[in-house]
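Visitor: My questions all concern the structure below.
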């Protein structure tokens with residue numbers, strides 16, 4: 001299933017191109033309303049999901065680079081060992097790998113992750129995210145779906 005690594009590469013390219021565009025087009029914290037519930041805005045995250053450890057003083061950059069690299073490597077190994085029938089798992093892993101590497105590139109290059117997609121409802125704002133985060137979320141959802149599907153099949 002290593003042939004699915006094209007999807008990881010596609011995610012990395014889309015992620016980096018979109019981040020390059022947003023940084024070239026927007027000032028920091030500039031907001032462009034697309035829909036009443038969705039904005040584009042240039043923000044940065046030195047932490048992980050939901051800004052976890054964002055105020056840790058800088059050491060978290062190296063922690064997240066290391067974790068992202070190790071997790072990506074582990075998932076690539078897992079991906080190469082999948083059987084042909086494990087396509088859903090393969091797509092999930094490929095999406096996660098692409099997203100993880102996309103965010104690691106930001107941490108290495110900028111010391112922080114570029115986020116720019118922002119959903120909100122009135123005064124409630126979901127934390128901003130990016131294409132890499134979206135790929136990771138979709139990949140995890142596919143792995144969960146595959147796991148649930150397998151659990152249901154094994155109970156029959």
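Read-outs throughout are calculated quantities, based only on the coordinates presented, and are distinct from any laboratory measurement. Note that the coordinates shown come from a computational prediction; the quantities given were computed from them, not determined experimentally. Here the Cβ is made from the backbone with ideal geometry for all residues, glycine too, and neighbour counts use every protein chain on show.
Visitor: Can you tell me the 0 to 90 degree angle between the C-alpha axis of helix 59-80 and the longest principal axis of the chain, rounded to 10?
Guide: 30 degrees
Visitor: Order 19-30, 2-13 from most to least packed using the mean count of other Cβ atoms within 10 Å.
Guide: 2-13, 19-30
Visitor: Test of understanding: ordering 93, 32 by Cβ neighbours within 10 Å, fewest first, what list do you get?
Guide: So the ranking, lowest neighbour count to highest, is 32, 93.
Visitor: Please arrange 146, 123 by how many other C-beta atoms lie within 10 Å of their C-beta, fewest to most.
Guide: 123, 146
Visitor: Under the rule of -39500 (n - 2.57) per DSSP H run of 4 or more residues, summed and divided by the residues of the chain, what mean residue ellipticity at 222 nm is obtained, to the nearest 500 deg cm²/dmol?
Guide: Counting only the DSSP helices, I get -20500 deg cm²/dmol.
Visitor: Just the number: Rg to Rh for the chain, Cα atoms, Kirkwood Rh, two decimals.
Guide: Radius of gyration relative to Kirkwood radius: 1.02.
Visitor: Oh, and also: Got a sec? How would 78, 62 order by Cβ neighbour count within 10 Å, fewest to most?
Guide: 62, 78
Visitor: Could you state the angle between the C-alpha long axis of helix 87-110 and the longest principal axis of the C-alpha atoms of the chain, as a value from 0 to 90 degrees rounded to the nearest 10?
Guide: In the chain, helix 87-110 runs at an angle near 30 degrees to the longest axis.
Visitor: Against the empirical 2.2 N^0.38 Å scaling, what ratio does the C-alpha Rg of the stretch 1-51 come to?
Guide: Scaled against compact globular proteins, the figure is 1.47.
Visitor: Which part of the stretch 124-148 falls in the paramagnetic zone of residue 20, meaning amide N under 20 Å from the point 7 Å along Cα-to-beta-carbon?
Guide: 130-135
Visitor: Can you tell me the 0 to 90 degree angle between the C-alpha axis of helix 131-155 and the longest principal axis of the chain, rounded to 10?
Guide: Approximately 30 degrees, to the nearest 10.
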